[in-house]
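Before any comments, here is the structure.
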Amino acid sequence: MNFNQFLHYQLIERLGDGPLGETWQAYDPALERGVVVKILRPYAHGSEDLRHRYIILQERLRSREGAPATAFDWANDNDRQAIIRELVEGESLGQRFQQGDSSYQGALSLLARVVGSVKVMHDCDLVHGNLHPWNVILDPQGNPYLTDPLLPDIARQWLAEVPGNRLVFVAPEVIAGRTPNQRSDIFSLGAIAVYLF
């Protein structure tokens, strides 16, 4: 098995490793474009039903202004599964604010844009469930893209993998074992606001 590839995607650079799995910047030679390949942890592997529902939910969001980063597919390569999504050039909200280079007005503007993206999900009757500053990617123009929404079916296993410093962004009812809902996202937005200000 070639670990520099996932199916035909060429894995270029490891971007991170989180509760859902490893994230790689990759290249799709068939379509001649950069993508992100999120290789899922075994507990996040889905049944055909879960995979089907995931793709349908992504279809609801596709081409909507302010929508999360577009997921193209849920792919299988032997015993590994991955979500293939668009590559957003930029840095995470967490990286931006670790540098401490934003004004109050800039932080307020960014927060308003993130709230707008979450509203797009909620208007489609979807829940992100995994909102924190490192899952918000800012493009060079400062537009936020939400990444790594959580599939409710794996919330309990996912919670056990969340690093302690990110638990502050997780709603108390989720920590108590309940499935994330739209109110959980609002809690996470509040925690992100505290982080920014």
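For the reader, a short list of remarks on this structure follows.
- Cα-based convex hull, the stretch 75-166, per residue volume (Å³, whole number): 133
- Its residue count N fixes a reference of 2.2 N^0.38 Å for the stretch 132-173, and the Cα radius of gyration divided by that reference is 1.35.
- Two-site FRET efficiency, Phe197 against Asn165, from Cβ-Cβ distance with R₀ of 22 Å, rounded to 0.05: 0.75
- Peptides ranked, highest mean first, by Cβ atoms within 10 Å: ranges 30-38, 122-130, 103-111: 122-130, 30-38, 103-111
- Remark: spin-label model distance Glu89-Arg183 equals 4.3 nm, labels positioned 7 Å along the Cα→Cβ axis.
- Inter-site label distance for Asp123 and Tyr43 at 7 Å from Cα along Cβ, in nm: 3.5
- Cβ-based net charge around Arg85, under 10 Å, with every Lys or Arg adding one and every Asp or Glu removing one: -2
- Amide hydrogen neighbours beyond the local backbone of Ser92, cut-off 5 Å, H modeled: Leu138
- Residues Asp148, Asp73, Asp17, Asp185 ordered from highest to lowest accessible area at a 1.4 Å probe: Asp17, Asp73, Asp148, Asp185.
- The residues neighbouring Phe169, those whose beta-carbon lies less than 15 Å from its own, together hold a net charge of -2 under the Lys/Arg +1, Asp/Glu -1 convention.
The values are calculated or read from the model by the stated rules, or taken from the named source; none is laboratory data. Not measured: the values here are computed from a predicted model. Because the Cβ atoms are built from the backbone with ideal geometry, glycine has one as well, and the counts that use them run over all protein chains shown. Areas reflect the complete protein model, heavy atoms only, side chains present, ligands, DNA and RNA absent. Shrake-Rupley method; radii C 1.70, N 1.55, O 1.52, S 1.80 Å.
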